[in-house]
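Here's the structure, in structure tokens; my notes come after.
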Number of protein chains: 2
Amino acid sequence: MELSYPYLLFLADIQHQAYAKTAFGLRDWAPERCVGELALPAATISTGLPRLTLEEARARGARALVIAVATPGGAILSGWIPTLLAALESGLDLVSGMHARLAHHRQLAEAAQRLNRRLIDVRTPPEDIPIATGRKRQGRRLLTVGTDCALGKKYTALSLTRKFRERGLAADFRATGQTGIMICGSGVPMDAVVADFAAGAAEMLTPDAAHDHWDIVEGQGSLLHPSYAAVSLALLHGSQPDVLVVCHEPGRRGMVGLEGYQTPTIEATLELNLTLGRRTNPLIRCAGVALNTGSLPEARAEELLAEYQHRLGMPVADPMRGGAALDELVTACITSTSERSL
Amino acid sequence: MELSYPYLLFLADIQHQAYAKTAFGLRDWAPERCVGELALPAATISTGLPRLTLEEARARGARALVIAVATPGGAILSGWIPTLLAALESGLDLVSGMHARLAHHRQLAEAAQRLNRRLIDVRTPPEDIPIATGRKRQGRRLLTVGTDCALGKKYTALSLTRKFRERGLAADFRATGQTGIMICGSGVPMDAVVADFAAGAAEMLTPDAAHDHWDIVEGQGSLLHPSYAAVSLALLHGSQPDVLVVCHEPGRRGMVGLEGYQTPTIEATLELNLTLGRRTNPLIRCAGVALNTGSLPEARAEELLAEYQHRLGMPVADPMRGGAALDELVTACITSTSERSL
């Protein structure tokens, strides 16, 4: 799937940052792909990027308008259609990661055909995904796993990829969700693959590579999330990680979207991932923990990182805060593999 | 999905029994739905049902021709098309459980439309499957799980359903694969559901029921099969079983379709299913083991059943051999739940 960029980010009429994860993800991790943002009058949030008209965005080189927000149920709302049509008229392609398909919307499909514009639905799995073989592949792989959904698996993988490269290592971020795919320009939307082929999709995402090359794979869901564990297990089996990094948000009590399910401990999450991961890679190891302390003041965050590190006996860092703790985590990721390849 | 039956079973040109699992499953478990079989000249196997022409089958009340064989890749072969078209002409609908869709075949689609016949692709998941909620539902549930694929999970579930009913219990077989769906007339093809919705599909399959009603759920794959474990986990989480029965074939060395993967032990399979199953049903128990001894002589089978029962300390039976061992397994299924509901 080839994406058109640079992007103009469409914020629609969103009033809560939680519904604009794609916009913030693109701003934070692919600023070179973003020329600015466009919002409807009712919107109350901003990414801080320049607010542009369609014409200004085109003048600055934009090639696509990205629907950078989420709606309950993943629907394309009727109030957005005039803007989306105007974007096509102005010369922009449309990019969407929603469950609803742009190409299934009659007005958008007609306008795109008439204007020779592209409607790019990122949440479309590749065709002809094979059934997983379980065959061991060459190259090194790291997977971020979580105690729950939506607590930093993508940011952790992106941050580690950057750090690995700073150390001169060959490393590629492997995107498994729509925002990740828009950030790096390729990947497989794991949650949209038919279950029988899900592990095969993870194998396809992380093919044979040079023995010292790293795939840093964006995790999905949690093995302990009753709605999405199947996606997590397919990704774990198919990506055959050598190294796990467990992602967690301190203070979170309940699992996203569920009633009556407590967030599991880091220890339980780690043990289960190692147990299941050994099936396709008996040498799987955990290098450490990524803690999302974004909602805490600096001093409290530092305190917590130290507490967790003491309790768990392994490196614990907040990838968004960086510092020595993150360097230590990166070293542990690299070292734990090197040891056993000697 | 409403199926048309009685069926005429189409054996195509198959020469190995392993490729005709659907035909034998229907003969063994839904003989009242089968009027006979139809084969091409090259076929060398038979179900033992009457071999009928299309006209004879119609005269005996057949309403559909079932493609009762499997092909590598799940394709509808060109050599079958004249027979399939003749079946439509003769007044039969077509039923298929293959990956390839009948409705996507131009000649079949045109003929079905012209003749007002139905093309029924059983491997089509229902629309609007919800995301799983993990909410505990009323009623009792039993799931058959396996050390591998294709070793008796469906036959075990069907056999237990029959035994439960013989004891006067309200019990429904819940089909999760194409053959099971053709046998009982409804169900959800778990392996064809998009991964994000797979656990939701299992919840949909086993809805709230009377507190003493049993859903006996056909298992899929194995948690330890690197290709299909995601399907197994979604089914385990979503069906929230109270009781597990582990299915195994003694003597099997390697996992179906893979190189270098040994079949796991019953103990490892059991422990992993209990560990993961506790997430949505903390009271999950294992009642015993179903051993597939179909390839062994009677005396050796009896010996093995006793050996396994001694080793595992729980009831072990071959559902297809029945006898006292099977009665003991059924009692254990019922009792292990009753104990804790007191």
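The values are calculated or read from the model by the stated rules, or taken from the named source; none is laboratory data. The structure presented is a predicted model; accordingly, all values stated were derived computationally and were not measured. Note: ideal-geometry Cβ built from the backbone for every residue, glycine included; neighbour counts use all protein chains shown. Side chains included, ligands, DNA and RNA excluded: accessible areas come from the protein's heavy atoms. Shrake-Rupley method; radii C 1.70, N 1.55, O 1.52, S 1.80 Å.
Suppose the filter is within 11 Å of chain A (Cβ to nearest Cβ) and closer than 21 Å to B:N292 by Cα; does B:H225 pass it?
yes
In region B:98-132, which residues are under 19 Å from B:A70 (Cβ atoms) and open to solvent by less than 20 Å² (accessible area, probe 1.4 Å)?
B:M98, B:L102, B:L108, B:I120, B:D121, B:V122
Kindly indicate whether A:A198 is farther than 20 Å from A:V66 by Cβ, within 13 Å of chain B (Cβ to nearest Cβ) and modelled with pLDDT of 95 or more.
Answer is yes for this residue.
Return a yes/no flag: does region B:306-318 have any residue that is in contact with a Lys or Arg (Cβ under 6 Å, 6 or more places away or on another chain), open to solvent by less than 40 Å² (accessible area, probe 1.4 Å) and over 15 Å from B:T144 (Cα atoms).
no
Small (G, A, S), farther than 30 Å from A:R137 by Cβ and in contact (Cβ under 8 Å) with a residue 60 or more places away in the chain: is that true of A:G257 in this structure?
The answer is yes for A:G257.
Residue under question is B:A195, and the condition is that it be of a type in the set (A, V, I, L, M, F, W, C), touching a residue at least 24 places away in the same chain (Cβ under 8 Å) and within 19 Å of A:G277 (Cβ to Cβ); does it hold?
On the way: of a type in the set (A, V, I, L, M, F, W, C): yes; touching a residue at least 24 places away in the same chain (Cβ under 8 Å): yes; within 19 Å of A:G277 (Cβ to Cβ): yes.
Criteria met by B:A195.
How many of the residues making up region A:267-308 are closer than 29 Å to B:L272 by Cα and without any contact (Cβ under 8 Å) to a residue 24 or more places away in the chain?
So in region A:267-308, the residues closer than 29 Å to B:L272 by Cα come out as A:267-291, A:308.
Then drop every residue that is not without any contact (Cβ under 8 Å) to a residue 24 or more places away in the chain, which leaves A:271, A:275, A:278, A:282.
Result for region A:267-308: 4.
Among residues belonging to region A:105-134 that are of a type in the set (D, E, K, R) and in contact with a helix residue (DSSP H, G or I) (Cβ under 8 Å, 6 or more places away or on another chain), point out the one that is modelled with the lowest pLDDT.
In this case the residue turns out to be A:R123.
From the list B:A332, B:A317, pick out the single residue that is closer than 20 Å to B:W214 by Cβ and out of contact with any helix residue (DSSP H, G or I) (no Cβ under 8 Å at 6 or more places or on another chain).
B:A332
I'd like the full set of residues that are in contact with a Gly (Cβ under 6 Å, 6 or more places away or on another chain) and farther than 22 Å from A:C184 by Cα, limited to region A:1-56.
Result: A:L52, single match.
Would you check which residues across region A:97-138 are closer than 30 Å to A:A209 by Cα and polar (S, T, N, Q) and list them?
Correct list: A:T124, A:T133, A:Q138.
For region A:209-216, indicate whether the set of residues that are within 17 Å of the chain's Cα centre (by Cα), facing another protein chain (nearest Cβ under 10 Å), touching a residue at least 60 places away in the same chain (Cβ under 8 Å) and closer than 28 Å to A:E307 by Cα is non-empty.
no
Determine whether region B:89-97 contains at least one residue that is out of contact with any Asp or Glu (no Cβ under 8 Å at 6 or more places or on another chain) and surrounded by fewer than 19 Cβ atoms within 10 Å (Cβ to Cβ).
yes
Go through the residues of region B:58-79 one by one and say whether even a single one is in contact (Cβ under 8 Å) with a residue 60 or more places away in the chain, hydroxyl-bearing (S, T, Y) and farther than 24 Å from B:G180 by Cα.
no
Mind checking which residues of region B:25-67 are open to solvent by less than 30 Å² (accessible area, probe 1.4 Å), among the small types (G, A, S), touching a strand residue (DSSP E or B) at 6+ places or on another chain (Cβ under 9 Å) and not in a strand (DSSP E or B)?
B:A30, B:A43, B:A57, B:A62
All but one of (1) within 9 Å of another protein chain (Cβ to nearest Cβ); (2) under 21 Å from A:H237 (Cα atoms) hold for B:G219, so report the exception by its number.
The one condition B:G219 does not meet is (1).
I need the full set of residues from region B:155-170 which are more than 25 Å from B:R279 (Cβ to Cβ) and not aromatic (F, W, Y), in order please.
Selection gives B:L158, B:S159, B:T161, B:R162, B:K163, B:R165, B:E166, B:R167, B:G168, B:L169, B:A170.
Can you name the condition, by its number, that B:Y19 falls short on among (1) of a type in the set (S, T, Y); (2) at pLDDT 95 or above; (3) open to solvent by 60 Å² or more (accessible area, probe 1.4 Å)?
Looking at each condition in turn, B:Y19 falls short on (2).
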